[in-house]
Amino acid sequence: MYSFFAYLDRMKYINRWSLMRSNDRENIMEHSAQVSMIAHALAVIGNVYFGKNYNVDKVTTIALFHETSEVITGDLPTPIKYYNPQIRDAYKAIENVANDKLIGMLPKEMQPVYADIIKADATSPEGKLVKYADKISAYVKCLGELKGSNNEFKKAKNTIEKDIENIDSDEVKYFMQNFIAPYSLTLDELD
């Protein structure tokens, strides 16, 4: 018996933003789905408006599995994860071990397929789009919490907003200019 997919189903129980009071609890499965949708949009924007040749399916799939290791490791908040190079590197090593363990839960014939997804090169064009989508997703989370009068996310929103402004990507700039504003609206305000 192979437990890979049953193990991944646990993503829906691991709370993101665990150190911050959240009005809207978000689990890793929900987060991964949102990152996949945003990454898909970034790839389509790149292909349609900027003449890029992204593999949209690959981008979306990598995004869907981008937090797989957290099924084993749990979520480590960004300020801790990137506090210093030693912690960052140690956490990356732990993530790699967790990913290897999960991939090992698959039949041998399927392992290379999932290894290419779960351990995708973050510096590849597709990997970069997933990182950008992850950052935008965090920003969207902050907007939603602020919309619900939760000022706990104010500093995070400002920090992430600056990070996004510094991303050198036509796709990200287009998404932020054309799609981000409605995330701050109520359902009644959406047209």
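Read the figures in this text as sums done on the coordinates, not as results from a lab. These numbers come from a predicted model, not from an experiment. Virtual Cβ from ideal backbone geometry, glycine too; neighbours counted across all protein chains shown.
A few notes on this one:
- Cα-based reach from Lys108 at 17 Å (exclusive), listing aspartates and glutamates while leaving out same-chain residues under 8 positions away: Asp100, Asp116
- Neighbourhood charge, 13 Å Cβ-Cβ cut-off, centred on Pro182 and excluding it, Lys, Arg +1 and Asp, Glu -1: -2
- Within a straight-line Cα-Cα reach of under 19 Å, Lys154 can be paired with the following aspartates and glutamates, leaving aside sequence neighbours fewer than 8 residues apart in one chain: Asp24, Glu26, Asp134, Glu145, Asp163, Glu165.
- Positive contributions from Lys and Arg (+1) and negative ones from Asp and Glu (-1), summed over other residues with Cβ under 10 Å from the Cβ of Lys58, come out at -3.
- Here the simple spin-label model places points 7 Å from the Cα toward Cβ, and for Ile94 and Ser149 these points are separated by 3.7 nm.
- Largest to smallest principal axis extent of the C-alpha atoms in region 4-186, angstrom: 47, 41, 32
- Cα centre as origin, Lys/Arg/Asp/Glu Cβ charges: region 4-186 dipole, Debye: 400 debye
- Pairs beyond 19 Å (Cα-Cα), from Lys58/Lys81; Lys92/Lys119; Lys81/Lys135; Lys101/Lys131; Lys81/Lys147; Lys135/Lys162: Lys58/Lys81; Lys101/Lys131; Lys81/Lys147
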